[in-house]
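The block underneath contains the structure these notes are about, expressed in structure tokens.
No value in this document is a laboratory result; all are computed from the given coordinates. If you're wondering where the values come from, they're calculated on a predicted model, not measured in any experiment. No Cβ is skipped: glycine too gets one built from the backbone with ideal geometry, and neighbour counts run over all protein chains shown.
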Amino acid sequence: MALQASKIQVGDTHTQKLTDDLSRTQIVQYAGASGDYNPLHSDEIFTTKVAGYPTVFAHGMLTMGMTGRMVTDYVGDGRLTAYGVRFTRQVWPGDALTATATVDAVREEDGQTLVDLSVSTVNQDGDVVVMGKATAKIDP
Amino acid sequence: MAAKKFPIEAGHIMMFARAVGDPNPIYHDADAAADTEPGDVIAPPTFYQSSAQYDPDYFLRPKIGEPWFGSGKNPTGVPPKRTGGDGGTGLHAEQRFEYFRHVSPGETLTIKTRPGNTWERQGKRGGKLTFSENITEYFDESGELVVRATGVGVRTEKVVESD
């Protein structure tokens, strides 16, 4: 069911836990599904010995996709009109991630009610890993 | 060259939704999806990025019979591509999607890509940062624009350390 404008106010938040312990296997799953096989995300030897990182890390798009679940669970299926994020910090295996949407505005455009959301996902230390915006068509 | 055609397939959507940890039945159960407002399985919001699967030249997929820059016998199969002097790397800085309608299995989208803006900024830890936009538009079989994706890549001069 889609979000209803009559039931939300500017400043409302919706928070959803995305993972308690991001696994390397989930990162590999994302590589397989998305087709992005950059070894930085799955190849520990390349990532530490050649690229110089402490270990493999998640695709930014995996974090964006996981955060997208929170957004669509909140606004309803097939309701998004825009969704964008900046990748502000790397996500590592073992991270716990929590995503939050905040209602910035509820508005009408061409007879359609829209909600504008700020979106952010933080890790177990409270550091923001992605932040951005989403807009969705909602019910009155 | 980016992919020209992107067939939307139910199995691909199911695997993608699993990978991003989304158990919503609308991504994997056609019977359950029939009872939802969209009325069919739909693609999750960031699924369009996986059109890379259909790009014959996508540089982040090993090519059959060609050396791969990941590890095998050695930590890397080829000299890694570098732009900076000491191990700088390209990273994804930002991604935006605009949705004009949702997309379901059985459709084939046509893809057009074009470069967007390029700009530079001095980073705190990684030296000079060079940002560049890439715009990918997905059209349906009647030529209607269904999704526009704007990616922003950043290249750093040095390896970015996390603290």
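A few remarks follow.
- Averaged over B:43-49, number of beta-carbon atoms from partner chains that fall within 10 Å: 6
- Within 10 Å of the Cβ of each residue in A:132-139, the mean number of Cβ atoms contributed by other protein chains is 1.
- Residues B:E66 and B:D35, FRET efficiency given R0 of 45 Å [Cβ-Cβ distance, rounded to 0.05]: 0.45
- Counting neighbouring beta carbons within 10 Å and listing from fewest to most, the residues A:M64, A:M70 come out as A:M70, A:M64.
- Nearest 10 degrees, 0 to 90: helix A:24-34 Cα axis against chain A principal axis: 70
- For the range B:22-39, Karplus couplings with θ = phi - 60° (6.51, -1.76, 1.60), whole Hz, Gly/Pro x: 10, x, 4, x, 5, 9, 9, 10, 4, 5, 5, 5, 4, 8, 8, 4, x, x
- In the structure shown, the pairs A:K7/A:K137; B:K5/B:K112; A:K49/B:K128; B:K5/B:K63; A:K49/B:K73; A:K17/B:K124 are assessed against 21 Å; a Cα-Cα span above that value is assigned to A:K49/B:K128; A:K17/B:K124.
- Two-site label geometry, B:T113 and A:K7: point separation in nm, points 7 Å out along Cα→Cβ: 4.1
- The HN-Hα couplings worked out from phi for the range B:137-147 by the Karplus form 6.51 cos²θ - 1.76 cosθ + 1.60 (θ = phi - 60°) are 10, 10, 10, 8, 5, 8, x, 7, 6, 10, 8 Hz, whole numbers, x standing for Gly and Pro.
- Other protein chain Cβ atoms within 10 Å, averaged over every residue that makes up A:53-63: 3
- Listed peptides B:34-46, A:33-45 appear in the order A:33-45, B:34-46 once ranked by packing, highest mean of other Cβ atoms within 10 Å at the front.
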